[in-house]
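For reference, the structure discussed in these notes is given below.
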There are 2 protein chains.
Amino acid sequence: MQTALPAPAIRGYAEPVRRAPEVKVLGATRVLAKDEELFGEGDRAAFFYKVVSGAIRTSKLLSDGRRQISAFHLPGDIFGIEAGDEHRFSAEAVDEATVIAYRRCSLESFASQDGAFACQVVNAMMRSLERAQDHMMLLGRKSALEKIATFLLDLAERLGDDHVDLPMSRTDIADHLGITIETVSRTLTQLERQNIIELPAHRRSIQLTNKAALRRLDS
Amino acid sequence: MQTALPAPAIRGYAEPVRRAPEVKVLGATRVLAKDEELFGEGDRAAFFYKVVSGAIRTSKLLSDGRRQISAFHLPGDIFGIEAGDEHRFSAEAVDEATVIAYRRCSLESFASQDGAFACQVVNAMMRSLERAQDHMMLLGRKSALEKIATFLLDLAERLGDDHVDLPMSRTDIADHLGITIETVSRTLTQLERQNIIELPAHRRSIQLTNKAALRRLDS
DNA sequence: CGGGCCGTTGACTCTTGTCAATCGCGGTGG
DNA sequence: CCACCGCGATTGACAAGAGTCAACGGCCCG
């Protein structure tokens, strides 16, 4: 699906090294169907992952079912690294997706051998942390309108296109932004009425008609 | 606003740590007065830090002044590591505090030499990430009551005492939990009326009388 | 004694959540 | 081919949790 994208250069990840004889084959690719679970909260964290195509959501549940999606991981993103030996959140495919799985122990053993790879992983962690910190600001201090604006701009930037093809449902968006699907829907409609975005008939894509206005809302 | 403490408002860097001969001299200790800034959003990230005593808050501001405190760092915690060369949030002393500053370049250069230290730093980052993820759940999906319950239990655990001596103001708590000071105040009063906590006259400490009840509220 | 700061409380507002009805598309089977 | 069904999204009416604004209280400190 995302095949044609010139591998978001911003992220600067190398393609999985195939030739490079000095580096052993570290990862195995895995294809996931829509909503298929990659790992669950509490599973042994034997692997961590890199997204090749599609999107993965990582989330946590409260006992009564409330859900918080901590992040959507797009091609190039690394996720699922843990300090302990259990995954502390679950990961599912938002839509059909492909990932590369890396044995976790490789990380420790290769850390010294393959400095570049270790560095890449550490960088991925730092990027996750930065995203998490920005997202806390969003969750704790922004209004529904600001949340949606931030979300759309972020997605557009990461996908490198003003015509955002949403891989996720309204429910996913709501659970990521800490609001309800009704509020997501109402806010999008409101933005459409103000001619800031366009919502085509099949609701899974959004055209950002007026990015400047969105940025003004974004705080 | 620096409260007019008679103590020297600005204290420079002290001598490098002398004790702990097994650890190379990596850092310089620094003492901070209440509300003194350790670094600001956008400052060059030349150092990262470890808390020795007291508490440090790291926060971000929105253009209109809304603030989100991403974390309170207590003795032993490491914070301020960045992927880029700028700090992405600011750090201030909640109360009088002591930290050790580590040159950031030490990290890269010592990573190979001093595996143990590098490991400690990576672990600190992972712990930060875990905390951030838990906190996103709190910010996005918990009610004010649940937020306060979670906060009190977490603090009690980290400080290792059911009699929590709050180092921070109501404003700090509010900005950490994504609510207002009025809501913090009302919620604490409510918990007191239900005999779940006790609020002594000087409002900077809280006795957790009924932890079980708190845990039930915590979700 | 007076002022400032922090926290508490009350009255009211408003954003967002809840509940419920409806729409519209896509798939399926008659 | 078309009617039906189911699911996700939208919309409306209403409720409620939290925010806002304002007054007040207590404490520390000059």
Among (1) at pLDDT 95 or above; (2) within 14 Å of chain A (Cβ to nearest Cβ); (3) within 23 Å of B:Ser53 (Cα to Cα), where does B:Glu146 come up short?
(3)
Find the residue count for region B:68-81, including only residues that are surrounded by fewer than 22 Cβ atoms within 10 Å (Cβ to Cβ) and within 7 Å of chain A (Cβ to nearest Cβ).
0
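Among the residues of region A:134-144 satisfying the criterion of being free of Cβ contacts under 8 Å to residues at least 24 places away in the same chain and open to solvent by less than 20 Å² (accessible area, probe 1.4 Å), which is nearest to B:His135 (Cα to Cα)?
This residue is A:Met136.
State which residue is surrounded by the fewest Cβ atoms within 10 Å (Cβ to Cβ) when the search covers only region A:145-178 and only residues that are part of a loop (DSSP other than H, G, I, E, B) and either more than 12 Å from DNA strand D (Cβ to nearest atom) or in the same structural domain as A:Ile56 (by TED's automatic domain parsing) (or both).
By that ranking, first place goes to A:Gly160.
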Kindly establish whether A:Leu177 is over 15 Å from the mean Cα position of the chain (by Cα) and within 16 Å of DNA strand C (Cβ to nearest atom).
no
Could you tell me which numbered condition B:Tyr49 fails, if it satisfies all but one of (1) within 23 Å of B:Leu155 (Cβ to Cβ); (2) modelled with pLDDT under 95?
(2)
Any hit, region B:195-204, residues being open to solvent by less than 10 Å² (accessible area, probe 1.4 Å) and within 15 Å of DNA strand D (Cβ to nearest atom):
no
Given the criterion at pLDDT below 95, open to solvent by less than 40 Å² (accessible area, probe 1.4 Å), not aliphatic (A, V, I, L, M) and not assigned by TED's automatic domain parsing to the domain that holds A:Thr171, identify the matching residue among A:Gly54, A:Gly27, A:Gly40.
A:Gly27
For region B:164-187, which positions are of a type outside the set (Gly, Ala, Ser), within 28 Å of B:Ala33 (Cα to Cα) and in contact with a Leu (Cβ under 8 Å, 6 or more places away or on another chain)?
B:Val164, B:Asp165, B:Leu166, B:Ile173, B:Leu177, B:Val184
On the given criteria, is A:Val121 touching a residue at least 40 places away in the same chain (Cβ under 8 Å) and either within 28 Å of A:Gln207 (Cα to Cα) or in the same structural domain as A:Glu198 (by TED's automatic domain parsing) (or both)?
no
Name the residue, out of B:Arg216, B:Arg141, that is over 20 Å from A:Leu139 (Cβ atoms), within 14 Å of chain A (Cβ to nearest Cβ) and over 18 Å from the mean Cα position of the chain (by Cα).
B:Arg216
Consider B:Thr189 against the criteria (1) within 14 Å of chain A (Cβ to nearest Cβ); (2) over 16 Å from the mean Cα position of the chain (by Cα); (3) surrounded by fewer than 15 Cβ atoms within 10 Å (Cβ to Cβ); (4) not acidic (Asp, Glu): it satisfies all of them except one. Which criterion is unmet?
(1)
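Can you go through B:Ala124, B:Ala118, B:Ala91 and tell me which one is under 21 Å from B:Glu157 (Cα atoms) and either within 14 Å of another protein chain (Cβ to nearest Cβ) or part of a helix (DSSP H, G or I) (or both)?
None of the others qualify; the one that does is B:Ala124.
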Just to be sure before I move on: is B:Arg215 away from DNA strand D (no atom under 12 Å from the Cβ), within 30 Å of A:Gly84 (Cα to Cα), open to solvent by 60 Å² or more (accessible area, probe 1.4 Å) and in contact with a strand residue (DSSP E or B) (Cβ under 7 Å, 6 or more places away or on another chain) in the structure I sent?
no
Residue in region B:153-180 that is nearest to A:Leu129 (Cα to Cα), counting only those that are in contact with a helix residue (DSSP H, G or I) (Cβ under 6 Å, 6 or more places away or on another chain), away from every other protein chain (no Cβ under 11 Å) and touching a residue at least 12 places away in the same chain (Cβ under 8 Å):
B:Ile173
Within region A:50-63, can you find the residues that are more than 7 Å from chain B (Cβ to nearest Cβ) and over 14 Å from the mean Cα position of the chain (by Cα)?
A:Leu61
Return yes or no: is B:His176 out of contact with any strand residue (DSSP E or B) (no Cβ under 9 Å at 6 or more places or on another chain) and over 22 Å from A:Asp64 (Cα atoms)?
no
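The values are calculated or read from the model by the stated rules, or taken from the named source; none is laboratory data. Quick caveat: nothing in here was measured; it's all calculated off a predicted structure. Positions of Cβ are backbone-derived with ideal geometry, glycine not excepted, and every protein chain shown enters the neighbour counts. Surface areas here come from the heavy atoms of the whole protein model, side chains and all, with no ligands, DNA or RNA. Shrake-Rupley method; radii C 1.70, N 1.55, O 1.52, S 1.80 Å.
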